[in-house]
Structure formats: C-alpha cells, structure tokens
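Undergrad: Here it is, the structure in full.
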Amino acid sequence: MKALTGSNYHRKLTHRAFLGLGSNIGDREKNLKTALSLLEGAELRIMKTSSLYHTEPVGELNQPWFMNAVVEVETTLSPEQLMHRCQQIEEKMGRNHLIPQGPRMIDLDILMYDQLTVETSSLTIPHPRMHCRRFVLIPLLEIAPDAIHSRLKKSIRELLQDIPDSSAVKRVKRKW
C-alpha cells in the first residue's frame, strides 16, 4: 500500500478535483443534476461542468446507453472524504453494485485530485481506467484540456490522442 504523494497536500487547503458522473437508468439527466446538487456543500463547490454526453456502454455492452459528464470542483475534503461523499450520494440515489460495469442510476468517480497519486486498498487516484475511456476524456478535454495525469505525465489532450477506445460519445447538451 502506497501513501499519498504529490505537492501541497494539506487538509485545510482548497483542492481541485475532477469527478466523472454517469447514469443509464431512469431519467439520466435528472439523475446527474440530483447528484450534482447533493455534491455541493460547505466543503465542496462546483467550478465547471462539461456538456452532457450520450455514450455507448463499455465493458458490459448489453445495457442502455449512458449520459456522462465531468465536473471540476474545489473542496476542502481529503481524497478519502470526497470518495465517501460520492459513495453516500450513490447509495442515497439507489445505486447497487450487483453487476460490475452494469446498469446504474448514478456513478460518481474521482478522476483526479490536485496532482496527487493515491494508491490504497480502497482508493486509486488518478482513476485507474480514465486514460482508456473516451466517455471520460472527451468531457474532461472540454473543461481541462491541459490538466496533467499525475501518473502518466500526459495532458488530457495527449491521452485522448493515444486512446484505443472507439466507443461512441455524442454531445447532447451544453448547459444543464
């Protein structure tokens, strides 16, 4: 198990993180809006939101298409506290984990947190598969094209150029 690494990690400072949001059950846009409103609070502020994207499932293909987005947040929460907040929201909104990569009401993932690399038994930052997923990189490119993946040392723009994933990602709504 590795400890946190990176510069300027102090719990009292404001941190910049990127979160991936996804839904493919029910009113997908409403689910994403609900999750966004539940995220925001005294310790977390939404700074930027990508457009909404209609995306083809990856992994388990026999399921409805997803609605995905990425948001940039400022937070005083630690990475572990932020993960806990995301899990609480998923649980509150009825997410179950019965089928890995299966249908879900809401999915919230920490993609990046400052320039930290976190590797524990319960949390990995940057997200371990974000560099392989168009449905993450395309919305992230929209709001932070020059952000650097702390493990791979490449910008989002560079990661997208090298991606083998060819799944469909279609912008459906700029403002939500």
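Undergrad: For the stretch 134-152, enumerate the residues that are within 27 Å of Glu29 (Cβ to Cβ) and free of Cβ contacts under 8 Å to residues at least 24 places away in the same chain.
TA: Leu141, Pro145
Undergrad: Every residue in the stretch 29-42 that is modelled with pLDDT under 95 and either surrounded by 15 or more Cβ atoms within 10 Å (Cβ to Cβ) or within 23 Å of Leu141 (Cα to Cα) (or both), please.
TA: Glu40
Undergrad: Next up: How many residues are among the aromatic types (Phe, Trp, Tyr) and either assigned to a loop (DSSP other than H, G, I, E, B) or without any contact (Cβ under 8 Å) to a residue 40 or more places away in the chain (or both) if we restrict to the stretch 43-69?
TA: Summing the residues that are among the aromatic types (Phe, Trp, Tyr) and either assigned to a loop (DSSP other than H, G, I, E, B) or without any contact (Cβ under 8 Å) to a residue 40 or more places away in the chain (or both) in the stretch 43-69 gives 1.
Undergrad: Could you check His127 against (1) touching a Ser or Thr at 6+ places or on another chain (Cβ under 9 Å); (2) of a type outside the set (S, T, N, Q); (3) assigned to a loop (DSSP other than H, G, I, E, B); (4) modelled with pLDDT of 95 or more and say which number it fails?
TA: It is condition (1) that His127 fails.
Undergrad: I would also like to ask the following. In this structure, does Gly94 turn out to be in contact with a Pro (Cβ under 9 Å, 6 or more places away or on another chain) and surrounded by fewer than 16 Cβ atoms within 10 Å (Cβ to Cβ)?
TA: Spelling it out, it is not the case that Gly94 is in contact with a Pro (Cβ under 9 Å, 6 or more places away or on another chain) and surrounded by fewer than 16 Cβ atoms within 10 Å (Cβ to Cβ).
Undergrad: Of everything in the stretch 81-91, what is of a type in the set (D, E, K, R) and more than 12 Å from Asp109 (Cα to Cα)? Give them in sequence order.
TA: Across the stretch 81-91, the qualifying residue is only Glu91.
Undergrad: OK, next. For the stretch 102-119, which residues satisfy the criterion of being in a loop (DSSP other than H, G, I, E, B) and touching a residue at least 60 places away in the same chain (Cβ under 8 Å)?
TA: Pro103, Arg104, Met105, Ile106, Asp114, Gln115, Leu116
Undergrad: Within the group Ser122, Ser155, which residue is within 28 Å of Gly41 (Cβ to Cβ), of a type outside the set (A, V, I, L, M, F, W, C) and either without any contact (Cβ under 8 Å) to a residue 60 or more places away in the chain or crowded, with 19+ Cβ neighbours inside 10 Å (or both)?
TA: None of the others qualify; the one that does is Ser122.
Undergrad: Please specify each residue of the stretch 152-165 satisfying the condition of being of a type in the set (A, V, I, L, M, F, W, C) and outside any loop (DSSP other than H, G, I, E, B).
TA: Scanning the stretch 152-165 gives Ile156, Leu159, Leu160.
Undergrad: Return the residue satisfying two criteria in turn: it lies in the stretch 149-167 and is in contact with an Asp or Glu (Cβ under 9 Å, 6 or more places away or on another chain), modelled with pLDDT of 95 or more and not basic (Lys, Arg), and of such residues it is nearest to Lys48 (Cα to Cα).
TA: So, considering only residues that are in contact with an Asp or Glu (Cβ under 9 Å, 6 or more places away or on another chain), modelled with pLDDT of 95 or more and not basic (Lys, Arg), the one nearest to Lys48 (Cα to Cα) is Ile156.
Undergrad: Looking at the structure I just gave you, is Leu98 modelled with pLDDT of 95 or more and either within 16 Å of the chain's Cα centre (by Cα) or more than 18 Å from Thr49 (Cβ to Cβ) (or both)?
TA: no
Undergrad: How many residues does the stretch 130-151 contain that are in a helix (DSSP H, G or I) and within 19 Å of Glu74 (Cβ to Cβ)?
TA: Residues that pass the stated criteria total 4.
The values are calculated or read from the model by the stated rules, or taken from the named source; none is laboratory data. On a predicted model such as this, the values are computed, not experimentally measured, just so you know. Methodologically, a virtual Cβ is constructed for each residue, glycine included, from the backbone with ideal geometry; neighbour enumeration extends over all protein chains shown.
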